[in-house]
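Note sheet for the following structure.
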Amino acid sequence: MLCPTRERPENVLRLLHTAKSTSADFKKLEFLFFVDSDDQSFPNREIREFGNTVKIIRGPRQWLSNAHNILYNSASGEILMTAGDDMSFESDKWDNIVRAHFESSSDKISLLFGDDKATHSGKLAVHGFFHQHWIHVVGTWVQPGRGSLWDFWSFTNALILKRLTFQPKLIIPHIHYRQGKGAAKFDQTYKSTYKSNKSFRPEITFKLLERERRIDRILLREAMDTDPPIERRYVLSEILNRKVKGVDSRRLLSMSNSQVLIWCMKFPFLRILDRTFSRR
């Protein structure tokens, strides 16, 4: 479990206590917390009861995505979770549920998420589980960026590839201030994130990086033992990839329909047609 945290000692303890009380084998778990250097509130004394299960990494305050990647570099488990200090565990032996899912997956290309009892319950994987193989294939844990919407990034890719699994028996509440019923206080950490996102609007950057997500999907599909559905935005590249010889497959598949048309105009079109229909 990779969990950046700031000035929320009560949340950290709630996360650890609920995970321990509901897990099948707590000693096989690993919790890594990234704590900002200027944060003196982390409950160092209280977490001693959890022993070597907990690791703490301190560093300068930075983007959430960078903090996650720093934690990933120190993780030793095969299965990783994008955790948050505003969540808790409810399902009995939840760790066995997670392990069983990935043991049943032959290629390990999968995003597993549970019921977070939040607004988008069952529809959006805010906190999900991945196998190391996914990260090795893509080449990064979290896509770096200021407010990069990294959770939605992986969720979107898994959804398109048909490798998204919602497990309703896996109950991990997301105790967020926007989820209603006053579940969480709108604290300074939330306020800072809210202010930054409102100013820089990360959703704009997210839309501009569609080709980067497509590249992720190209790499992931190469590691999958089943073929993903064809995406309408990339129909032409899929067709040409199957028909045209001597073309860089990865480069071609990363082109949208409009980009393929422009690409075709740069080369002798009759030559492309000849290559296409000569294989029929």
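Select from segment 253-275 the residues that are loosely packed, with under 14 Cβ neighbours inside 10 Å, part of a loop (DSSP other than H, G, I, E, B) and of a type outside the set (A, V, I, L, M, F, W, C) and write down the one among them that is modelled with the highest pLDDT.
LYS266
Just one of LYS207, LYS162 is within 20 Å of TRP63 (Cβ to Cβ), modelled with pLDDT of 85 or more and of a type in the set (D, E, K, R); which is it?
LYS207
If I filter segment 71-89 for residues that are in contact (Cβ under 8 Å) with a residue 12 or more places away in the chain and part of a helix (DSSP H, G or I), do I get at least one hit?
Scanning segment 71-89, I find at least one residue that is in contact (Cβ under 8 Å) with a residue 12 or more places away in the chain and part of a helix (DSSP H, G or I), so the answer is yes.
Taking helices (runs of 4 or more DSSP H) that do not extend beyond segment 158-252, which have at least 1 residues that are under 17 Å from the mean Cα position of the chain (by Cα)?
Answer list for segment 158-252: 202-208, 210-223.
Do we find that SER154 is in the same structural domain as VAL12 (by TED's automatic domain parsing) and more than 30 Å from ALA223 (Cβ to Cβ) in this structure?
Here the answer is no, as SER154 does not meet what is asked.
Identify the single condition in (1) within 13 Å of LEU111 (Cα to Cα); (2) in contact (Cβ under 8 Å) with a residue 24 or more places away in the chain that LEU159 does not satisfy, given that it satisfies every other one.
With respect to (1) within 13 Å of LEU111 (Cα to Cα); (2) in contact (Cβ under 8 Å) with a residue 24 or more places away in the chain, LEU159 is out only on (2).
Examine segment 33-50 for a residue that is farther than 28 Å from ARG178 by Cβ, among the hydrophobic types (A, V, I, L, M, F, W, C), surrounded by fewer than 18 Cβ atoms within 10 Å (Cβ to Cβ) and in contact with a Ser or Thr (Cβ under 8 Å, 6 or more places away or on another chain), and state whether such a residue exists.
no
The values are calculated or read from the model by the stated rules, or taken from the named source; none is laboratory data. Given the structure is predicted, the values throughout are model-derived calculations rather than measurements. For neighbour counting, all protein chains shown are included, and Cβ atoms are generated from backbone atoms with ideal geometry for every residue, glycine included.
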